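Note sheet for the following structure.
The values are calculated or read from the model by the stated rules, or taken from the named source; none is laboratory data. Remember, predicted model here, so these are calculated numbers, not experimental data. Note that each Cβ is placed from the backbone with ideal geometry, even for glycine, and that neighbours are counted across all protein chains shown.
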Amino acid sequence: MSYFIDRIAKHIFEEQIPLEHLTIVLPSQRAKKYLQRALFKAYGKPIFSPNIITMNRWVQELSPLPIIEPTRALFKLYDTHLKVDTEEPQTLDEFFKWGKTLLSDFDEMDRYLIDSKDLFRNLANIKDIENWSFNSEEELTEGQHRFMRFWDLLADYHQHFNEKLKKDGECYMGMAYRNLAENIDLAFEKDKEVQFIFAGFNALSPAEISIMKQLKNMGRGEIFVDADEYYLNDKNHEAGIFIRDLFSELKVKELPFVVNKIGTEKKEINIINCAQPTGQAKVSATILHDEIPHQELSETLLLLADEKLIVPVMKNIPKNVEQTNITLGLPLKNTAIKSWVDMLFTVQEHFQQFNSKQIYHKDFVRFIKHPFITGFCDKTELQAITDIEQKILSKNWTFIYPKQLALGERLSKLIELFFTPWKTTEKEYSLTQIRSLNQSIYEGLNNDDNAIERSILYHFDRSLVKLESVLAEFTPDLRLGTFKSLFNQHWVNESIAYYGNPLDGLQVMGLLETRLIDFKNMIVVGLNDGSMPPTNAIQTIIPMDLRRYHNLPTPREKQGLFAHHFYRLLHQVENCWITYSSADRDLGGVDEPSRYIMQLQLELSRVNPLIAFNTSDYTISNEEEESEGLIIPKTEAVLSRMDDYFGRRTSASAMKTALRCPLDFYYKYLLGFGEEDKVEEEIEASTFGDFIHKTLETLYEDFAQLDSEGNKKEHHKSLAAIDIDNMIQKQGAVMKQHFYEFFNLEANQNLEGKNYLSLEIAQHLTERFLQKEKKSLKEHKGHLFIVGLEMELKTTLNLNIHGEEKEVNFIGFIDRIDDFEGKKRIIDYKSGKCTENDVKLTKISSKAKTEEDVVFEFIKKLKSSKYVFQMLVYNMLFHEKFKEYPDKVGIISMVNLNDGPFYLDNQMTETTEELMDLFEKALTQIVSDLYDVEVDFEHDVKSLYCDYCEE
């Protein structure tokens, strides 16, 4: 089999071209080692390699002027803009929106040897026509005039910018190409006897064609094309468009080394539709394991048509593939540095947004969980991070003071560098800070365990050195957003090269890396529309019709470029497997097969009957048996856990949950699966009520006879209407203090959005409550005695459960116990609505004949009633503490304040003692049901699904 590179080497050997005077120009650096190996085989002995170089590098070396770095060129273009547009000069932020595109167009104009004056004149004429009105009396608007001015100035931008570069002794890449095309003698300055070979080029600009044509006409250059007659002779086939143009420009009918293989040789092409994108990685692994002989792996290409699939593909390469060489760069933007940079700027944006030097909690959590930080920390530091994270959750620190973080010297240094506000007028200071931060992490990472992370940071820092130089030269005044854009463009195109032997083993490549290289077997992964050919738009200010008129590239040419890259891989391939994903095909998404697949099936199959096409489907099995309701049997371990739970503590809400849904009780209380802990940034319903509770507790605490543990206080007093007046004056400040403590805010920070509205509403509801309290005191002309606030009360029940005594410990926190008009009251504040039905116990029906029937019906009432169960538990706790039952137990709703208080309405028994005796029997039955081993924990179908038992 004669591969393209082998034919180049054979030609050089047979023609005995002096290697010391030979320069071989290639479109890709990747093919260099393949060509050197081919030369060694052709000569049959070690030789000195000719000069093998890429086109860009060759032109750069021949340029008498240094090539200006893109960001430096952008700032110089901005200086040009300020001098040219003296009427309405734009800020740097505004200029950046179009300056980079204009630079790209300037570069293209030189590569395509375009007369700039002619192009800009045509462009201005087009814009004149677009803004021309048939109504001569209608003048152009101010916006249209400004628009026209911009197009009129483009020619001046180009002229003055080029003059500035010439004065400074610099040029951009397109200018270097034009310069070489117009001064071909530059190619012979170092070696008068040099010979050139240009091999494997596809899309060539007029400047490149001019350079090759001149050298060819001088007898000093040869041009070899890597093409096949199948698409070259078909004038409608996009893969051959550029090579046909090259023939026309060179005025030749043929060039070496056109082959005729796609349309004549036997090939097998397998097309595999994968239902899931990641299924393609599984398919490629199966092919490598089952279909390709081990001795042919070095002649096998795994082509990533969609390079985002590199991680799943690499993870699934089977063990029988001993050597795998990834010959595509890993873009930095696909590594952890992307999230690192995003965090850096997000932190600074939050400093500006919140007008504070405090650390926003989400920024800090993202920081401590970043791979750079987890790789940097030792075990002690990781434990300290875990502890501080728990502290943030428990104290609900929305904002964190740096001094609150005791994380050791090494971590504290990183935190200081990462979370120090940048000086907005000193960008060098920002870069110095960022580079110091990266250097500290680089030095702290273990070289063996974090080699990739160290390499990422090294390449990232190298790109920042260039930016430092540019900012030092131009010292621009940039907003944070503009600095971020400028910063990102310096590193976003950097990549880390995977190093390995590209000659042996399986080759994993992207499409651009395959140029000039041929393979016997090929697996193409991710050949979907949008990934191949790519659908990225061309960024330009020149309209497409004008681009076509001046032969500048359009999307059609770009697609032709990729078509050739793909089709040339079919020259030598004997076995080809192509996968694509159809995940969103029915939804009209991007997961459609590439048009290359359709072209192969519909067009190539007609031309070459020796090509066998096989199609198949692959799906990762995700079928599950029809899920039945989740059931947890009551094993010895479960019963033991229940003993432990009731022995420690239970509550009214836990027992009410057990009534509503036993499976929910199992998950939440026996296993401890509560809601995920998180910092509240916006007041949730439960927390909203807590603020009112805490504010009332603060206001009333001087009047309470007992502390929260039930001990008598030395100083307390009765409550009168005048005291309520004082509370009304103080409540706003007290409430605000609780809000600020909850969010860990500084005094100069303001609550915003929903939290501000929540504060206003909470203050309003609290004031309404106090006004109602004041009115009640006045109407009854009495004093209110506060017995206790937020009191923690406990009681222990010894229940006979299936013949065995079980200890059940209840605990509850009662908002308020008071003495009003000689009546002991339990008061519970609710931020939600309460009605009379929520606190009512209706009479037992006449159907309940036995005590068992009565208890069963009572339990049903407890289950359906919203607050009765809680009120009865409070009665029980009160009795344990004070050896008597309260006269009243009630709910005060902050929503319908004027309708309450809502006191427990017992229509079931004659006395409270009878009711509480019945309640203990009901509790015994509820706990007995929980211990019944014949009844598993399962979801109550009449209840709402919780997060754990939802089907």
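Descriptive notes on the structure:
- Evaluation of LYS190 against (1) free of Cβ contacts under 8 Å to residues at least 12 places away in the same chain; (2) not in a loop (DSSP other than H, G, I, E, B) (one fails), failing number: (2)
- Every test in (1) assigned to a helix (DSSP H, G or I); (2) at pLDDT below 85 is passed by GLU389 save one, and that test is (2).
- Among (1) closer than 17 Å to GLN60 by Cβ; (2) in a helix (DSSP H, G or I); (3) free of Cβ contacts under 8 Å to residues at least 40 places away in the same chain, the one test that ASP185 misses: (1)
- Whichever residue in the range 201-251 is assigned to a helix (DSSP H, G or I) and polar (S, T, N, Q) and, among such residues, is surrounded by the most Cβ atoms within 10 Å (Cβ to Cβ): SER210
- Residue match in the range 380-393 (condition: free of Cβ contacts under 8 Å to residues at least 40 places away in the same chain and touching a Pro at 6+ places or on another chain (Cβ under 7 Å)): no
Listed here are the residues, each with its yes/no results for (1) modelled with pLDDT of 85 or more; (2) outside any loop (DSSP other than H, G, I, E, B); (3) touching a helix residue (DSSP H, G or I) at 6+ places or on another chain (Cβ under 9 Å); (4) over 30 Å from VAL855 (Cβ atoms).
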{"residue": "LEU663", "(1), (2), (3), (4)": "yes, yes, no, no"}
{"residue": "PHE673", "(1), (2), (3), (4)": "no, no, yes, yes"}
{"residue": "THR687", "(1), (2), (3), (4)": "no, yes, yes, yes"}
{"residue": "GLU701", "(1), (2), (3), (4)": "yes, yes, no, yes"}
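- If you go through the range 316-338 and keep only what is under 27 Å from ILE373 (Cα atoms) and at pLDDT 85 or above, you end up with ALA336, ILE337, LYS338.
- Every pair of residues 6+ apart whose Cβ atoms lie under 8 Å, when the first sits in the range 447-472 and is of a type in the set (Phe, Trp, Tyr) while the second is not in a helix (DSSP H, G or I): PHE460/GLU494
- Contact map, the range 700-719: first residue assigned by TED's automatic domain parsing to the domain that holds MET791, second residue of a type in the set (Asp, Glu), Cβ cut-off under 7 Å, separation 6 or more or different chains; pairs are SER708/GLU790; SER708/GLU792; GLU709/GLU792; LYS713/ASP707.
- Screening GLU268 against (1) closer than 24 Å to THR54 by Cβ; (2) surrounded by fewer than 21 Cβ atoms within 10 Å (Cβ to Cβ); (3) touching a residue at least 12 places away in the same chain (Cβ under 8 Å); (4) not hydrophobic (A, V, I, L, M, F, W, C) leaves a single unmet condition, (1).
- Hits in the range 143-157 - residues which are at pLDDT below 80 and surrounded by fewer than 16 Cβ atoms within 10 Å (Cβ to Cβ): GLY143, GLN144, HIS145, ARG146, PHE147, ARG149
- A single member of ARG30, ARG37 is among the charged types (D, E, K, R) and in contact with a helix residue (DSSP H, G or I) (Cβ under 8 Å, 6 or more places away or on another chain), and it is ARG30.
- Of residues in the range 717-743 being out of contact with any Lys or Arg (no Cβ under 8 Å at 6 or more places or on another chain) and among the small types (Gly, Ala, Ser), the one surrounded by the most Cβ atoms within 10 Å (Cβ to Cβ): GLY732
- The range 23-59, subset among the charged types (D, E, K, R) and closer than 30 Å to ASP110 by Cβ, residue surrounded by the fewest Cβ atoms within 10 Å (Cβ to Cβ): ARG57
- The single condition from (1) on the phi < 0 side of the Ramachandran plot; (2) in contact (Cβ under 8 Å) with a residue 12 or more places away in the chain that GLY408 fails is (1).
- Selected residue [of a type outside the set (D, E, K, R) and at pLDDT below 90] from THR579, THR514, THR535: THR535
- Each residue in the range 530-578 was checked for being assigned to a helix (DSSP H, G or I) and among the hydrophobic types (A, V, I, L, M, F, W, C), and 8 of them qualify.
- Members of the range 419-430 found to be in a helix (DSSP H, G or I) and surrounded by 20 or more Cβ atoms within 10 Å (Cβ to Cβ), listed by number: LYS427, SER430
- Test for ASN325: is it polar (S, T, N, Q), over 30 Å from LEU431 (Cβ atoms) and part of a strand (DSSP E or B): yes
- Residue match in the range 357-371 (condition: in the same structural domain as ASN488 (by TED's automatic domain parsing), in a loop (DSSP other than H, G, I, E, B) and touching a residue at least 40 places away in the same chain (Cβ under 8 Å)): yes
- Residues of the range 392-419 classified as at pLDDT 85 or above and of a type in the set (D, E, K, R), total: 4
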